[in-house]
Amino acid sequence: MIEFREVSMTYASGIEALKEVSFRIESGEFVFIIGRSGSGKSTLIKLLTCEIAPSSGRVLIDDYDIGRIRRRHVPYLRRNVGMVFQDFRLIATKTVFENVAFAMEIIGASRKLVRRRVPIVLSIVGLRDKADSMPNQLSGGEQQRVAIARAMVNNPMLILADEPTGNLDPLNSESIMALLEEINRSGTTVIVCTHDTAIVDKMKRRVVEIEDGQVVRDVQAGEYGPGAR
Ligand code: ADP
Ligand code: MG
């Protein structure tokens, strides 16, 4: 369970990115966080990964206040969180296999487990035959699949995707979202920040809308457009 309880975030520049935001996400949910550029979506994500700490309020994961987490505990939290970004963020000098394996190696997985697990995850994302390719030999959609494989390889309880379809065409966007839904079906909580209207309207999932740092809408099976309000 994730809970934002009256969370405000003011950056050092003085910008108030979030203003007393409160909402809850249950374990196993699939949630879209929508809102125009600058509304505060990525700030919510950064709070969940402890990249930043709230100015006030609480960010709770399973009743544990991660806003007050000790620096040395952050890596343990991040083991349980998979991240997907708009710009993929693959390591250009590593193969597809190595990119995914790296996420296991940094948490100390054995070579045996890496050799067993990586091909399974690459199969799930449909890239088994690209294991030895370099990122620059792949399409954008394929690169994002590698990023998803990397995000899920350690069986995280939570996947955070910040504009995962921002650099993809509609067809690739759809298949990336289908993949995130499939991961969600296996029990992983999935949070997707996006302003991709087509996808939000099509998928009929819970929508939390942020405007100027405040939650202005929170609906089950939501749609993007203002007409849906
Ligand atoms: P979104 O992801 O919805 O586009 P962000 O959470 O990135 O929105 O940004 C919310 C507001 O906070 C914006 O006004 C943005 O300019 C500001 N902001 C984001 N990151 C920083 C930062 N590191 N320092 C100062 N201001 C920031
Ligand atoms: Mg953003």
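Brief remarks follow.
- The length gained by stretching the chain between Gln137 and Ile69 to full extension, at 0.36 nm per residue less their Cα-Cα distance, is 20.5 nm.
- Computed over the chain: relative contact order in percent, which uses C-alpha pairs under 8 Å that are six or more apart: 27 percent
- Region 123-152 and region 35-63: distance between their alpha carbon centers, rounded to Å: 28 Å
- Here the simple spin-label model places points 7 Å from the Cα toward Cβ, and for Phe102 and Glu181 these points are separated by 3.1 nm.
- Over region 147-211, the fraction of Cα-Cα pairs per 10 Å bin, rounded to whole percents and listed from the shortest bin up, is 19, 58, 23, 1.
- Once all protein chains are placed together, Tyr64 keeps about 100 Å² accessible to a 1.4 angstrom probe.
- Pairwise label distance in nanometres, Glu26 with Val219, each label 7 Å out on the Cα-Cβ vector: 2.0 nm
- Just checking the listed ones, Leu168, Leu179, Leu113: in the Gaussian network model of the chain with Cα springs under 10 Å, the one fluctuating most is Leu113.
- Using the empirical formula 2.2 N^0.38 Å as the baseline, the Cα radius of gyration of region 40-160 reaches a ratio of 1.15.
- Hydrodynamic radius of the chain per Kirkwood, over alpha carbon pairs, in Å: 18.1 Å
- Helix 111-124 and the longest principal axis of the C-alpha atoms of the chain enclose an angle of approximately 70°.
- Prolate/oblate/rounded call for region 1-95, Cα gyration tensor, a/c under 1.5 rounded: rounded
- Area accessible to solvent at Asp62, 1.4 Å probe radius, in Å²: 90 Å²
- For the set Leu158, Leu90, solvent exposure ranked by accessible area (probe 1.4 Å, protein chains only) runs largest to smallest as Leu90, Leu158.
- Each 5 Å bin from zero up to the one holding the largest Cα-Cα distance in region 70-122 carries the following percent of pairs: 4, 17, 24, 26, 19, 9, 3.
- For region 10-61, the Kirkwood estimate of hydrodynamic radius, built from reciprocal distances between every pair of different alpha carbons, is 12.2 Å.
- Just the protein heavy atoms count here, and of the accessible area of region 69-194 at 1.4 Å, carbon and sulfur take up 49 percent.
- All alpha carbon pair distances within region 96-145 were sorted into 5 Å bins beginning at 0; the resulting P(r) in whole percents reads 5, 22, 32, 22, 14, 5, 0.
- Helix-only CD estimate at 222 nm, as mean residue ellipticity for the chain, using -39500 (n - 2.57) per DSSP H run (n ≥ 4): -9500 deg cm²/dmol
- Measuring between alpha carbons in the structure, the pairs from Lys112/Lys202; Lys46/Lys94; Lys41/Lys112 lying more than 32 angstrom apart are Lys112/Lys202; Lys41/Lys112.
The values are calculated or read from the model by the stated rules, or taken from the named source; none is laboratory data. None of the values given here were measured: they were computed from a predicted structure. For neighbour counting, all protein chains shown are included, and Cβ atoms are generated from backbone atoms with ideal geometry for every residue, glycine included. Only protein heavy atoms, including side chains, enter the accessible area calculation; ligands, DNA and RNA are left aside. Shrake-Rupley method; radii C 1.70, N 1.55, O 1.52, S 1.80 Å.
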